[in-house]
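Undergrad: Got a structure here, written out as structure tokens. Questions coming.
The values are calculated or read from the model by the stated rules, or taken from the named source; none is laboratory data. All values derive from a computational prediction rather than experimental measurement. With ideal geometry, Cβ positions are generated from the backbone for all residues, glycine too; neighbour counts draw on all protein chains shown.
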Amino acid sequence: MASFTSANASKPVLGLSGFPGLEMVHHWIGIPIFSAYLVATLGNCTILYVIWTEPGLHQPMYYFLAMLATTDLGLCLTTVPTVMGVLWFQLRKVSVYVCISQLFIVHSFSFMESAVLFAMAIDRFLAIRFPLRYALLVTSSRVATSGLILLLRSTVLLLPLLPFVLQFPYCRDATLSHSYCLHQDLIRLACANTSFNSLYALILIFLTMGSDLLFILISYSLILKAVLGMTSGADGHYKALGTCVSHVCAVLVFYVPVLGLSIVHRFGRHASPLLHVIMGNIYILLPPLMNPIIYSIKTNQIYSRILRIVSPKSP
């Protein structure tokens with residue numbers, strides 16, 4: 001038994017999951033998933049291009065949107081090769097080192113997206129609460145500084161997990177629950193004491209996504225208080241709140257799948273493996289797919305610029 005464990009523990013290859021029970025139609029399932037990836041990638045590249053080329057959009061609010069599009073694009077480009085490799089080419093094997101690199105990048109982008117959504121909530125609060133001082137409070141240099149700080153937070157806090165994940169022996173049936181790598185999914189396969197990783201990961205989620213969501217809720221409570229205190233009447237209230245609609249939608253699109261995936265991983269051990277795969281794909285696909293659509297429809301400046309790209313004769 002010991003020799004069997006040792007032999008398996010030294011094997012640096014893990015398996016990726018497709019859609020259990022639907023292996024015969026993987027190539028068909030891959031068509032809508034790849035189409036969604038393609039639309040998400042094209043949408044976020046379009047957002048970045050519009051912001052880059054339109055001088056009128058060189059403002060802090062749109063810089064935050066560019067950060068959001070970058071994180072969404074990163075999630076797409078990081079996961080699509082392995083997902084489509086599983087569905088179209090049956091490439092289910094992945095090196096532990098490649099898997100660890102992927103989970104580090106995926107979680108970094110996820111934490112970064114949460115942080116950007118928090119920063120955008122603060123931006124909306126300052127724009128509504130201090131409209132006359134907004135240009136002085138939120139400058140391009142401050143946005144750049146905050147972006148760098150958020151990037152460092154999203155990556156540096158993950159580093160303590162990596163030495164443990166690298167040295168864990170994987171001696172169980174080394175097949176992950178998804179077609180890409182996540183930390184909580186990987187340590188489930190380790191035949192070692194993973195209590196530090198589990199506890200640290202839980203604390204890390206509360207310190208990043210948990211605190212971001214809390215501050216977003218606080219920001220919106222302050223926004224509502226500021227709006228209700230305005231003397232501009234109902235039209236002014238609706239106009240002020242209308243500037244927050246896109247952000248609220250983006251928050252829901254990101255945090256609902258995150259919450260769903262967390263529940264499945266922590267409390268759905270006996271749930272269908274198919275549920276794990278579906279939730280995993282929704283988690284990494286829905287925000288990159290929906291955010292460009294939300295902001296293209298709800299932001300007039302971006303919508304009109306995209307129309308001019310698609311139809312140059314448009315006014």
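Undergrad: Go over the candidates K239, K225 one by one and state the one that is part of a helix (DSSP H, G or I), at pLDDT 85 or above and of a type in the set (D, E, K, R).
TA: K225
Undergrad: Follow-up question, since we're still on this one. Among the residues of the stretch 263-279, are any within 21 Å of F118 (Cα to Cα) and either in a loop (DSSP other than H, G, I, E, B) or not polar (S, T, N, Q) (or both)?
TA: no
Undergrad: Further question on the same structure: Go through F215, F206 for me and flag whichever is at negative phi, part of a helix (DSSP H, G or I), surrounded by fewer than 14 Cβ atoms within 10 Å (Cβ to Cβ) and modelled with pLDDT of 90 or more.
TA: F206
Undergrad: List pairs: first in the stretch 192-214 and free of Cβ contacts under 8 Å to residues at least 40 places away in the same chain, second surrounded by 12 or more Cβ atoms within 10 Å (Cβ to Cβ) and among the aliphatic types (A, V, I, L, M), Cβ under 8 Å, 6+ apart or cross-chain?
TA: T194/I187; N197/L161; N197/V165; N197/I187; S198/I187
Undergrad: For the stretch 100-120, does any single residue satisfy the condition of being farther than 21 Å from T208 by Cβ, at pLDDT below 95 and surrounded by fewer than 18 Cβ atoms within 10 Å (Cβ to Cβ)?
TA: Checked against the condition, which is being farther than 21 Å from T208 by Cβ, at pLDDT below 95 and surrounded by fewer than 18 Cβ atoms within 10 Å (Cβ to Cβ), the stretch 100-120 yields no hits at all.
Undergrad: Of everything in the stretch 129-147 that's of a type outside the set (S, T, Y) and without any contact (Cβ under 8 Å) to a residue 24 or more places away in the chain, which residue is surrounded by the fewest Cβ atoms within 10 Å (Cβ to Cβ)? Please lay out each step first, then the result.
TA: If we filter the stretch 129-147 for residues that are of a type outside the set (S, T, Y), which is where we start, we get 129-133, 135-138, 142-144, 147.
Narrowing the set further to residues that are without any contact (Cβ under 8 Å) to a residue 24 or more places away in the chain leaves 130-133, 135-137.
Details: F130: 14, P131: 11, L132: 6, R133: 10, A135: 12, L136: 8, L137: 14.
So the residue we want is L132.
Undergrad: Taking the stretch 146-177 as the region of interest, how many residues are modelled with pLDDT of 90 or more and either polar (S, T, N, Q) or touching a strand residue (DSSP E or B) at 6+ places or on another chain (Cβ under 8 Å) (or both)?
TA: 3
Undergrad: Among the numbered criteria (1) aliphatic (A, V, I, L, M); (2) more than 25 Å from V13 (Cα to Cα); (3) surrounded by 15 or more Cβ atoms within 10 Å (Cβ to Cβ); (4) at pLDDT below 85, which single criterion is violated by M290?
TA: (4)
Undergrad: Among the candidates L126, L57, which residue alone is without any contact (Cβ under 8 Å) to a residue 60 or more places away in the chain and farther than 27 Å from S177 by Cβ?
TA: L126
Undergrad: Quick check: is even one residue across the stretch 42-49 in a helix (DSSP H, G or I), within 14 Å of the chain's Cα centre (by Cα), buried (at least 23 other Cβ atoms within 10 Å of the Cβ) and in contact (Cβ under 8 Å) with a residue 24 or more places away in the chain?
TA: yes
Undergrad: Before we move on, is A115 closer than 28 Å to K239 by Cα, in contact with a Lys or Arg (Cβ under 8 Å, 6 or more places away or on another chain) and not basic (K, R)? Let's see the steps before the verdict.
TA: On the way: closer than 28 Å to K239 by Cα: yes; in contact with a Lys or Arg (Cβ under 8 Å, 6 or more places away or on another chain): yes; not basic (K, R): yes.
For A115, the condition - closer than 28 Å to K239 by Cα, in contact with a Lys or Arg (Cβ under 8 Å, 6 or more places away or on another chain) and not basic (K, R) - is met.
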